[in-house]
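The values are calculated or read from the model by the stated rules, or taken from the named source; none is laboratory data. Keep in mind that what you see is a predicted model, and the values were worked out from it rather than measured. We place every Cβ from the backbone using ideal geometry, glycine too, and count neighbours over all the protein chains shown.
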Amino acid sequence: MPESQDKLLKAYNTMRAALKSAWHEAGQKALPTLKQALDAAEQKVSDLDELSREEIQRLSEYLKRDLQEAGEALADNSKKLAEWLEFDTELVESRLSEWVAQVANPTIVELERLREQARLGEWHTGEITGPGILTCQGCGEQLHFDQPGHIPPCPRCHATVFSKEY
């Protein structure tokens with residue numbers, strides 16, 4: 001993997017870990033809004049002085065898109081979101097109703113805003129994605145990601161556009 005791609009992947013993982021940490025540290029306090037948590041994650045990566053502002057913004061958009069899709073998956077299966085964020089399942093279950101009550105409105109508004117901005121449902125070769133299954137829009141081939149990684153072209157048909165499921 002080229003060094004620049006490796007830096008981007010490391011930064012994505014740093015942002016994801018910072019977001020997880022912000023939610024975890026909030027504990028019984030009001031959880032930060034999605035925007036506040038993402039801003040803090042961006043700042044953490046920015047402080048490392050390894051990436052340009054544009055690269056950090058691009059990674060933030062990838063992470064927002066993954067969170068958007070994971071949030072939609074939450075409606076179907078909250079345990080899959082817990083696995084994606086690598087939270088302790090008991091912690092998620094015990095705080096889920098509290099979390100929903102505290103952040104439902106800001107989160108819904110933020111996710112709606114992201115839905116308007118993002119290319120919903122499309123992942124492209126060269127982008128970074130979190131864990132999940134990408135399905136090639138050209139031939140249906142599935143790429144399984146157990147951890148964040150760069151999206152390659154489809155190994156079967158070389159297409160570059162995918163949809164995602166968890």
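Is it the case, given these coordinates, that R58 is assigned by TED's automatic domain parsing to the domain that holds M15 and either modelled with pLDDT of 80 or more or not in a helix (DSSP H, G or I) (or both)?
yes
Could you check region 131-160 and list, in sequence order, the residues that are small (G, A, S) and either within 16 Å of D66 (Cα to Cα) or surrounded by 17 or more Cβ atoms within 10 Å (Cβ to Cβ) (or both)?
Selection gives G132, G149.
Going through region 120-166 one residue at a time, which ones are assigned to a loop (DSSP other than H, G, I, E, B) and basic (K, R)?
Once the filter is applied, which keeps residues that are assigned to a loop (DSSP other than H, G, I, E, B) and basic (K, R), region 120-166 yields only R156.
What number of residues in region 1-18 are modelled with pLDDT under 80 and assigned to a helix (DSSP H, G or I)?
4
Confirm whether I128 is surrounded by fewer than 16 Cβ atoms within 10 Å (Cβ to Cβ) and modelled with pLDDT of 60 or more.
Considered against the rule, which asks whether it is surrounded by fewer than 16 Cβ atoms within 10 Å (Cβ to Cβ) and modelled with pLDDT of 60 or more, I128 comes out as no.
Looking at (1) of a type in the set (K, R); (2) modelled with pLDDT of 80 or more; (3) not in a helix (DSSP H, G or I), find the lone condition where K44 falls short.
(3)
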